[in-house]
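Here is the structure we will look at, set down as structure tokens.
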Amino acid sequence: MSPSPGVLRAFALPSADRCVPVDGGQGGAWRCGQVVLKPSVDAAADEWIADAVQRLTPQGYRLPRPRRAVHGAWVFDGWCAWEVVAGEHGSGGRWPEILEVGRRLLLDLTSLPRPPFLDVRTDQWARGDRVAWDDRPTVTHPALGELVAQVAPLRCDEQLPEQVIHSDLYGNVLFSEGLPPAVIDLSPMWHPAAYCLAIAAVDAIAWYAADPAVLSDLRDLDGARSLLARAAIFRLATADCIAAERGDDYISQTVREFTPVVAAIRDF
């Protein structure tokens, strides 16, 4: 569904005939000039994210800035607006750069308080996250459960300080020649900082054809093996939440993607 004329006016944007749909992400976004309009599924979360990003001063990376509606809020009639940043998504070969960007971002995120909306989220990512941090992680699909069972015993009580992290970093870094990398679509969670990098490494191997050897770059981090195990469980449990609607092909693909991830974590 395209944004209504009222939404466009609220964000002082061009008419609908100058807006085009944007591929990727969760779908439903539209580019209107130098602004991207995104559907807001959770207004409280989107207000918090916009306010948090607006307060950050990035060094060595870029951030898109949120755009307020004319009445002052970050969300209007189910939509939020963000400026367009130049760049294209990376690949598995971008791991070293994304690792560096992640470390810089995490330092800046330490200034943010714990988001209050995390406790009431019920989407598949929130459910997958809770499984990853449960003492007895369970998933319903046998093939996914088998992979979870291989890494669940590798977890420990990391006893690390927690902070806001970006839980979907790897696929949300854009690269443009001559510019620092840009981090988009902050997906907040509250966990040890290194968990952000563990998720990014798991994603790099599963979805971006990175060599499993990228895990070696995390050996200097406290609790790295445990956090990598949690990251794999997070992705597998999230997949389990939507498996019924996606079908057997989706399950088979997920198993293919995460089998080398699980093997690499066990050998870590």
As I understand it, the dipole of the chain uses +1 on the Cβ of Lys and Arg and -1 on the Cβ of Asp and Glu, about the Cα centre. Which of ALA73, LEU118, LEU221 lies farthest toward its positive end? ALA73
What do you get for the angle between helix 193-207 and the principal long axis of the chain? Use alpha-carbon atoms, 0 to 90 degrees, nearest ten. 90 degrees
Loop chymotrypsin sites (Phe, Trp or Tyr not before Pro), the stretch 143-248, which have at most 12 other Cβ atoms in a 10 Å radius of their Cβ (DSSP): none
Here the gain from full extension of ASP123 to GLU100, 0.36 nm per residue of separation minus their alpha-carbon distance, amounts to 5.4 nm
Cα centroid distance between the stretch 60-95 and the stretch 237-268, in Å? 29 Å
Mind ranking 58-64, 198-204 by how tightly packed they are, going by the mean number of other C-beta atoms within 10 angstrom, highest first? 198-204, 58-64
Suppose the chain between GLN59 and MET1 were pulled fully straight at 0.36 nm per residue; how much longer would it get relative to their current alpha carbon spacing? 17.2 nm
With a 4.7 Å Cβ cut-off, tell me which Cys residues in the chain come up empty for a partner. CYS80, CYS156, CYS196, CYS241
Please go through the stretch 174-268 and write out the GluC sites (Glu not before Pro) that DSSP classes as loop and that have at most 13 other C-beta atoms within 10 Å. GLU177
Here the Cα Rg-to-2.2 N^0.38 Å ratio for the stretch 1-59 is 1.23
Which percent of Cα pairs goes in each bin when the distances of the stretch 89-266 are cut into 5 angstrom slices starting at zero? 1, 8, 18, 21, 22, 17, 9, 3, 1, 0
For the stretch 194-235 and the stretch 126-148, compute the distance between their C-alpha centroids and round to whole Å. 17 Å
In nm, give the distance between the simple-model label positions of ASP217 and ASP23, each being 7 Å from the Cα along the Cα-to-Cβ direction. 2.6 nm
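Since every read-out is calculated from the coordinates, none of them should be taken as a lab result. Predicted model, so just to flag it, every value in this text is computed and none were measured. Note that we place each Cβ from the backbone using ideal geometry, even for glycine, and neighbour counts take in every protein chain shown.
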